[in-house]
Amino acid sequence: MSGYGSFVMPVTGSSSDNDDIDDIDSLPSISSGVLSDTDSESDAQREWEESLEQLQLMLTMVIVPFAGKFLGRKFAYWSWARYMEWAHNVEIRWTNKTAFAAAGAVEAAATL
């Protein structure tokens, strides 16, 4: 520590330092208007966190399982069709793609 100097200033008994301390002590306290603003901000923050928690629950409990089931079924049908074409030389055609998609969505939502 020989190369480093101390940044702590020694306290002297001069009257100008005491005047500065007295000025700081005599500052007004926090007004009640400032406190009410922080209360409303904390209420808004709490409501924001609650809404984020609700969105997270909606995402994890409803949207992700539904999307997983729907996309899983689509992939299963696609992979089954590819396997049948490769292994058994059978051509798979979906005659009505909108009805097929709607049926997949209904099946995925049926067990939720």
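Model label sites at Glu47 and Ile92, defined 7 Å from Cα along the beta-carbon direction, differ in position by 5.1 nm. Residue separation of Leu57 and Ala103 scaled by 0.36 nm, minus their Cα-Cα distance, works out to 13.9 nm of gained length. Once the mean of 1/r is taken over each pair of separate Cα atoms and inverted, the stretch 30-110 shows a Kirkwood hydrodynamic radius of 16.9 Å.
Computed from the coordinates by the stated procedures, all read-outs in this text should not be read as laboratory data. What you see is a predicted model; the values in this text were computed from it and never measured. Positions of Cβ are generated from backbone atoms using ideal geometry, with glycine treated the same way; all protein chains shown enter the neighbour counts.
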